[in-house]
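What follows is a set of notes on a single structure, which appears directly below.
The values are calculated or read from the model by the stated rules, or taken from the named source; none is laboratory data. On a predicted model such as this, the values are computed, not experimentally measured, just so you know. All Cβ positions, glycine included, derive from the backbone under ideal geometry; neighbour counts span all protein chains shown. For the accessible areas, the whole protein counts, side chains as well, though only heavy atoms, and no ligand, DNA or RNA atoms are used. Shrake-Rupley method; radii C 1.70, N 1.55, O 1.52, S 1.80 Å.
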Amino acid sequence: MDQIVNVEEFQELAKRALPKMYFDFYNGGAEDQHTLKENVEAFRRIMFRPRVLVDVSKIDMSTSILGYPISAPIMIAPTGNHKLAHPKGLFRETATAKAAAACNTIMIVSYMSSCTIEEIASSCYAVRFLQLYVYKRRDVTAQMVKRAEKAGFKAIVLTVDVPKLGRREKDIKNKMIPPKLKNFEGAFSMEVRPNKGSGVEAFTSRAFDSSLSWKDIEWLRSITELPILIKGILTHEDALKAVEAGVDGIVVSNHGGRQLDYSPATITVLEEIVQAVGGSIPVFFDGGVRRGTDVFKALALGAKAVLIGRPIVYGLAAKGEDGVKKVIEMIKNEFEITMALSGCPTIADITRNHVRTENEKL
Ligand code: FNR
């Protein structure tokens, strides 16, 4: 494990560890995969404006999310089907949750998790939020919210960028069939026809409610007192609508390039959204975070914290719970060094002035 020094190496290890179908499911994006690539590339076009001769002998990365203190502004993004991270299904969300607890961070558990949310909750103590999709069967979704409350989840993260599944060509070619979702056993049939391209797409079009609209935020508000975050915002117009709808935070996200290809790289729209929201609610960020420098750049452009998706599943596939821990610790360590070399001993010291985007003159 000591030999692994960055996320890219974990990606390579995951590729070697997994059957092609599963690795492609984790790694892939929609259509030309332009957005997937741009999410990462756009970070490379942002440079630093480091300040020197600042006392950085002590670096404090800690922050707090909706009142829950965490060790650094790095959380685990919801990613479905962790059972696929091991050819025999030995690594699951329970391993990821234990790593989250060990690293003192928050795990956003996917609605499409392979373990039930109760299993995840009882495996360890970690602050958990539940990511939600709204099914055509509203009763199933409403029941899941109640179960999350009972199991001690602290917030609901409603993902709004999947009215239909993006065309993930690798999954179509591989005829990818997702494992059955234990959370919904008995609620409805999860059979998908293996010969008809991606089973993920077949399941989504059968189960997801594509009529979901802003008025449904009210419905969600009426069934839970938990804070609600909306994940999948890419424009200042929708950010303002989210504020009007009374949500407790938003996540700037293009679903890691898995939904609408040629959506902008998330880091390029973050600032516009932060400015629109004007500090009224926290703005979280995901998409393409692979380095501690990326975390710093997102914070400098106004994010409260970042979520990481693929690096977590690479870690899980490569080395199980220890792999996830190592991924988080590595990115944290890189972030700590970035703070020191930029002259920022605390999160509050990170400002817009510490970065230069590609549109800005020297
Ligand atoms: C996801 N993502 C996702 N999002 C969500 O709201 N619910 C989900 O079930 C899933 N499932 C999922 C599976 C896999 C394999 C991936 C890679 C992604 C999207 C995820 O939460 C996040 O938005 C992106 O992964 C962020 O981009 P990076 O960090 O992967 O570049």
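Pop out the ³J(HN,Hα) list for the range 275-288 in order, Karplus 6.51 cos²θ - 1.76 cosθ + 1.60 with θ = phi - 60°, rounded to Hz; leave Gly and Pro as x.
Once rounded to whole Hz, the list reads 5, 5, 6, x, x, 5, 9, x, 10, 9, 9, 8, x, x.
Assigning unit charges at the beta carbon (Lys, Arg +1; Asp, Glu -1) and nothing else, what dipole magnitude in debye, to the nearest 20, does the chain show about its Cα centre?
So the dipole magnitude of the chain works out to roughly 880 debye.
Of the peptides 322-329, 166-173, how do they stack up when ordered by the mean number of other Cβ atoms within 10 Å, highest first?
322-329, 166-173
What residues qualify as long-range amide H neighbours of Thr79, i.e. H under 5 Å apart, gap of 5 or more or another chain, H built at 1.01 Å from N?
Hits under the 5 Å cutoff: Ser110.
Roughly speaking, to the nearest percent, how much of the chain's 1.4 Å accessible area is carbon and sulfur?
52 percent
Can you work out the accessible area per residue across the range 291-356, with the rest of the protein chains kept in place, probe 1.4 Å, in square angstrom?
On a per-residue basis, 29 Å².
Measure nothing but the geometry: give the 0 to 90° angle between the long axis through the Cα atoms of 138-150 and the longest principal axis through the Cα atoms of the chain, rounded to 10°.
Tilt relative to the chain: about 50 degrees.
Among Leu84, Asn359, Leu341, which residue has its Cα positioned farthest towards the positive end of the charge dipole of the chain, with +1 placed on the Cβ of Lys and Arg, -1 on the Cβ of Asp and Glu, and the dipole taken about the Cα centre?
Leu84
How large is log10 of I(q)/I(0) for the chain at q = 0.07, 0.10, 0.12 Å⁻¹ when the intensity is taken from the Debye formula with one equal scatterer per alpha-carbon?
-0.27, -0.58, -0.85
By the gyration tensor of its Cα atoms, with a ≥ b ≥ c the square roots of the eigenvalues, what is the shape of the range 168-287: rounded for a/c under 1.5, prolate for a/b over b/c, or oblate?
oblate
Treating only the Cβ atoms of Lys and Arg (+1) and Asp and Glu (-1) as charged, compute the dipole magnitude of the range 283-362 about its Cα centre; round to the nearest 20 debye.
Using Cβ point charges on Lys, Arg, Asp and Glu, the range 283-362 gives about 120 debye.
Report, in deg cm²/dmol and to the nearest 500, the calculated mean residue ellipticity at 222 nm for the chain, where each DSSP H run with n ≥ 4 adds -39500 (n - 2.57) and the sum is divided by the residue count.
Result for the chain, helices only: -12500 deg cm²/dmol.
Note down the accessible area of Trp214, probe 1.4 Å, to the nearest 10 Å².
Here the accessible area works out near 90 Å².
Quick check on the range 12-77: take the gyration tensor over C-alpha atoms, sort the square-rooted eigenvalues as a ≥ b ≥ c, and tell me if it's rounded (a/c under 1.5), prolate or oblate.
Prolate shape, in that a/c is at least 1.5 and a/b is the bigger ratio.
Can you tell me how the range 34-155 classifies by the Cα gyration tensor, rounded, prolate or oblate, using a/c under 1.5 as the rounded cut?
It comes out prolate by the Cα gyration axes.
Apply the Karplus parameterisation 6.51 cos²θ - 1.76 cosθ + 1.60, with θ equal to phi minus 60°, to every residue of the range 159-169 and state each ³J(HN,Hα) to the nearest whole Hz, in sequence, with x for glycine and proline.
Values per residue, Gly and Pro as x: 8, 10, 9, 10, x, 9, 6, x, 7, 9, 5 Hz.
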